[in-house]
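No value in this document is a laboratory result; all are computed from the given coordinates. The structure displayed is predicted, hence computed values, not measured ones. As a convention, Cβ positions derive from the backbone with ideal geometry for all residues, glycine included, and neighbour counts pool all protein chains shown.
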Amino acid sequence: MDRSQNPPEKSVMLQPQPPPAYQDNPAAYPPYYPGQSFPQGPYAQGSHPGQAVVSVQPTVFVTAAPLVNPLPDYLSYSIFTTLCCCLPLGIAALIFSISTRNANQNGQRELAEKNSEKARTLNHVAVGLGIVCLVLVITIQVVMVKNAYNHNYKYDIYKYQK
């Protein structure tokens, strides 16, 4: 490689430079003196010329109290519909029932009202579907037994006529 292709400023940049000198007191920090005393206390900070004193406020936790008159959560109704009527709608009703219970405990009345109504509606629909399915199964069984009986009866009549 030819030295004439590299201008002198690039050759200077490729040579390692020594690190900057150590500074005892950087410009951004106030000076520290070994015998200096700082105010004591959990939130006290040392006073430095040109800097404002910062005080930290204690954290306040706000908790909501449970509702005085909690709304019904229909939890037992949801468990019944899950196990006995319609599993998918029962699970959805169970989720809304648990959400209603949590909203009651957290003092969120509007959310509790909404979830309680949804849980009740889903439970009613699940029971309705369960009853319709039960009636259909019983009807199909009766029709099948009746057809089987009629088929066997006709077969027995033809058997004895010969």
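General observations
- For the peptides 79-90, 131-142, the ranking by packing is 79-90, 131-142, with the highest mean count of neighbouring Cβ atoms within 10 Å listed first.
- Sum of side-chain charges, Glu117 neighbourhood, beta-carbon under 15 Å (Lys, Arg +1; Asp, Glu -1): +2
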